[in-house]
Amino acid sequence: MKECGSINRKQLIEEYPVGTIFDSEEVDAIRRVLESGEALTRGPDVDLFENEFASYCGAKHAVAVSSCGAALHMATKILGLGPEDEVICQANAFWATFVHLLEREVRIKCADIDPYSLNIDPSGIERLITKKTKAIYLVHHGGNPADLEPIYRVARNHGLKVVEDCAHAVGAEYKGQKIGCDSDIACFSFSTHKNISTLGEGGMVVTNNESYAEMARGLRTNFPFGEKVKRNVPSLGDYHKPQSQAFMHAGDAWDYDWLKTNEFGSTFRMSTPQAAVGRVQLKKLDKHNSLRQIIANKYNEVIDGISGLRKVAILPDCRNAWYLFSFFIRPEAGVDRDNFINYLEAEHGIRTVLRYWPIHLGGIMRMHGHNLGECPNYERVWFEEQMSLPISPQMADDKINTIIEALRSVYQKLAK
Ligand SMILES: Cc1ncc(COP(=O)(O)O)c(C=O)c1O
């Protein structure tokens, strides 16, 4: 590769540290909570945010939590998955999508992706199902809705649950309806880079299943789950059951005999100020996603005009939330993807990202017997074709134009 000019780091156009826009409304919401004297956890804003988020998605229940990772962790507990079970997980999931499965020794079967949408390929799922399979874990990659109808059809036919990792897909739409509206369990992220943020961390479990929602509420707040029977003992030895309200949390020391414990919760709650900010952010979400859409349209227009590049395929009647803007080099163009990335950065100061490492090639997954060749479509795409450009509702036109010009210029330079 020819030596490239060097760009001062300050000039880099890269992924924005914050994926949303905060202004005085969020500051006012924090001030309101702090000045109200209400508890900084479990305050009324948490319930309100949950109701508003559930209704935005068109789902029955939303449970606010500390992160999407926590939500996914809880989903695995809700489904009671363990060492006897298998789960199908797409090859380009994020570590947080499946780390809790490893922790609980659930066997993971890696599903290849559709190289056009970057989402799980529904046609490859059935052959991975065995008697032990309990669930499908999918990611709406980059905010692009996965093809849910055939996936849920396979799941229903085989009695499987679907856990949707919607970390990228807040506000995305599948066939005219918001992602999360009809899910078994959908897990959202409001961390710093995401399309909306609850002050850097945060997440939501969304479900239409009443008992899943109830369990999620317990799991985020240290509850044990299992089998217990009611008992009514007036005393323990010489000690009498206190009647005062001061002892009301003495709980099952007096009232229950436990027969078996299955799961324990942890502290996975979202704080009240975070929820207050989330409510403001939710009102801005569609506007921010439209700003992302405008930028994506501009990038895609250029990509359409360059024969060796191709854009991400979006299903009809679907809306991408454009958390990531991914695109591809066509192999037949003869342009080396890594050179393309290096030139974009060295000569134009544009830093692309590659999301995500094929899960079956990670060290721990190889320890469990996974290896190269398991998901050939994703391996090819990840190693040779895919990359993502910076995209943010904060992006000014000059930055967008710099990227557009750079795409043309680098392609012309490298194309044979
Ligand atoms: C696909 C995916 N799933 C889960 C997560 C974890 O989200 P959080 O940081 O809210 O735990 C991320 C974070 O970027 C992600 O990209």
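Bear in mind these aren't lab numbers, they're just calculated from the coordinates by the rules spelled out. Computed from a predicted model, the values in this text were never measured in an experiment. Counting neighbours? That spans all protein chains shown, and the Cβs are built from the backbone with ideal geometry, glycine included.
Positive end of the dipole of the chain (Cβ unit charges, origin at the Cα centre): among LEU128, GLY334, TYR323, the Cα lying farthest that way belongs to LEU128. P(r) tail, the range 224-264: Cα-Cα pairs separated by more than 12 Å, 64% of all pairs.
Here the chain carries DSSP beta bridges of which approximately 65% are antiparallel, counting only pairs with both residues inside. Taking a ≥ b ≥ c as the square roots of the eigenvalues of the Cα gyration tensor, the range 302-350 is oblate, since a/c reaches 1.5 or more and a/b is not larger than b/c. Could you state the angle between the C-alpha long axis of helix 148-157 and the longest principal axis of the C-alpha atoms of the chain, as a value from 0 to 90 degrees rounded to the nearest 10? With rounding to tens, the tilt is 50 degrees.
The packing ranking, built from the mean of other Cβ atoms within 10 Å per residue, places the peptides 30-38, 112-120 in the order 112-120, 30-38, highest first.
Packing-based ranking of 154-160, 387-393 yields 387-393, 154-160, ordered from highest to lowest mean Cβ neighbour count within 10 Å. Give the separation of the Cα centroids, the range 181-199 to the range 287-357, in Å. A separation of 23 Å, based on Cα centres. Against the empirical curve 2.2 N^0.38 Å, the C-alpha radius of gyration of the chain lands at a ratio of 1.09. Only bridges whose two residues both fall in the range 1-158 count here: according to DSSP, what percent of them are antiparallel, nearest 5? Around 10 percent antiparallel, to the nearest 5.
If one takes the longest principal axis of the Cα atoms in the chain, at what angle in degrees, from 0 to 90 and to the nearest 10, does the Cα axis of helix 337-348 lie? Around 80 degrees separate the two axes.
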